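Data block below; observations after.
The values are calculated or read from the model by the stated rules, or taken from the named source; none is laboratory data. Keep in mind it's a predicted model, so treat the numbers as computed, not measured. Here the Cβ positions follow ideal geometry from the backbone for every residue, glycine too, while neighbour counts run over all protein chains shown. These area figures cover heavy atoms from the full protein model, side chains too; ligands, DNA and RNA do not enter into them. Shrake-Rupley method; radii C 1.70, N 1.55, O 1.52, S 1.80 Å.
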Amino acid sequence: MPRTFKKELPQVIFLGTNGWYDTAATGNTVCTLIKTARYDIVLDAGNGIYKLGDYCDGGKPVFLLLSHFHIDHIAGLHILVKHKFIKHLTICGGKGARRALNTFIGKPYSVPFKDLPYPVKVLELPAEKGKLPFSCETLPLVHADPVLGYRLRLDGKVITYCTDTGYCANALKLARGADLLLTECSHSPGEVNPGWPHFNPAAAGKLGAESGAKKLVMTHMSADRYRTMAARAKALRIARKIFPASFTARDGMRLRA
């Protein structure tokens, strides 16, 4: 049975917080659920998405917002057929999403969208953002492949999601004044790689401080660099020196925006 929640919304539940691959020590690849008064919104579809039924009963429309198409962000699409509680699913991604997803979620790799036990609609952003029933701003972020960052207005709160990117102008634009800023933290403390941009703890803290966000949560912690929760705790200490309202996510953690 889905778990019950207090009435304060939106609530954010971290279903998977790893980057790259799952581990027994730190959890599943990245997936975050935002429960609002009218919608259940899922950020990325890593392996943590298998837990979605623990928190959703199908009473609300489900929207899945994909940052990009690297496997650790879409691997969980393979188990969409498991979630029979869903009545209708809208999947959003960047330009080319229909082609990419219909290739990945199709024979011989997985159950095609058309054969799932509920209708699925794919929207390509930003061109089709007007078809969404909530405010959603997207901007491209710096990475080795195209990535979208998101700024959502939900139940009077602003939630920004920036993953698989390093510090950049568009991340700062999306994060300005956010009630909750969700960033990745794939690089180790002090690590910088312009050819493979990601946040390290100090860069994530810098974005929180310079954007004026109220709260920062680091997720998508790379499984090879943050092998233990103690390593994540060290990253948090670094981020908090720059932006005290920083947190590191863990699988199963939930908070109010």
Q: Could you give the spread of the C-alpha atoms of the range 126-170 along their three principal axes, from largest to smallest, in whole angstroms?
A: 31, 22, 14
Q.
I'd like the Kirkwood hydrodynamic radius of the chain, using the inverse of the mean 1/r over distinct C-alpha pairs, in Å.
A. 18.0 Å
**Q.** the range 1-111 - percent of accessible surface contributed by carbon and sulfur, probe 1.4 Å
**A.** 58 percent
Q: Distance between Cα centroids, the range 3-61 to the range 66-89: provide it in whole Å.
A: 12 Å
**Q.** Pair-distance profile P(r), taking every C-alpha pair of the range 58-195, with 5 angstrom steps and integer %
**A.** 2, 9, 18, 20, 20, 15, 9, 5, 2, 0
Q: May I ask for the net charge around GLU210, where only other residues with Cβ less than 13 Å from the Cβ of GLU210 are counted and Lys, Arg are +1 while Asp, Glu are -1?
A: +3
Q. Kirkwood hydrodynamic radius of the range 143-257 from all distinct Cα pairs, in Å?
A. 13.8 Å
Q) For the chain, what's the relative contact order in percent, using C-alpha pairs closer than 8 Å and at least 6 residues apart? A) 19 percent
Q. Please state the relative contact order of the range 1-75 as a whole percent: Cα pairs under 8 Å, 6+ residues apart?
A. 30 percent
Q. Taking Cα pairs under 8 Å and at least six residues apart, what relative contact order does the range 1-134 come out at, in percent?
A. 18 percent
Q) Where does the chain land at 222 nm, in deg cm²/dmol rounded to the nearest 500, when only DSSP H runs of n ≥ 4 count, each adding -39500 (n - 2.57), divided by all residues? A) -5000 deg cm²/dmol
Q | the chain, dipole about Cα centre (Lys/Arg Cβ +1, Asp/Glu Cβ -1), debye to the nearest 20 | A | 680 debye
Q. With a sphere of radius 12 Å drawn around the Cβ of ILE105, what net charge do the other residues whose Cβ falls strictly inside it have (Lys, Arg +1; Asp, Glu -1)?
A. +3
Q. Lys/Arg Cβ at +1, Asp/Glu Cβ at -1, dipole of the chain taken about the Cα centre: which of PRO140, HIS78, ILE34 is farthest positive-ward?
A. ILE34
Q. Hey, with R₀ at 30 Å, roughly what FRET efficiency would LEU172 and ASN102 work out to, going by the Cβ-Cβ distance, to 0.05?
A. 0.30
Q. Efficiency by 1/(1 + (r/R0)^6): what FRET value for LYS95 and ASP115, r their Cβ-Cβ distance, R0 = 30 Å, to the nearest 0.05?
A. 0.70
Q. Using DSSP loop states and a limit of at most 16 other Cβ atoms within 10 Å to flag GluC sites (Glu not before Pro), what is the longest stretch of the chain containing no flagged site?
A. 9-127
Q) When all protein chains stay in place, what accessible area (Å², nearest 10, 1.4 Å probe) is found for HIS198? A) 20 Å²
**Q.** Cut-off 10 Å between beta-carbons: net charge of the residues surrounding GLY46, Lys and Arg +1, Asp and Glu -1
**A.** -3
(Q) On a 1.4 Å probe surface of the protein chains, which of LYS234, LYS95 comes out largest in accessible area, and what is the full order? (A) LYS95, LYS234
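Residue separation times 0.36 nm, minus the C-alpha to C-alpha distance between MET229 and PHE134: what's the value?
Here the segment from MET229 to PHE134 would lengthen by 30.7 nm.
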**Q.** Accessible area (Å², per residue) of the chain, counting only protein heavy atoms and a probe of 1.4 Å
**A.** 43 Å²
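Residue separation times 0.36 nm, minus the C-alpha to C-alpha distance between THR23 and TRP196: what's the value? Intermediate results must be reported in sequence, preceding the final value.
On the way: separation 173, 0.36 × 173 = 62.28 nm, distance 2.24 nm.
Length gained between THR23 and TRP196: 60.0 nm.
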Q: Quote to one decimal, in nm, the extra length available between VAL81 and ARG237 on full extension: 0.36 nm per residue of separation minus the C-alpha distance between them.
A: 52.1 nm
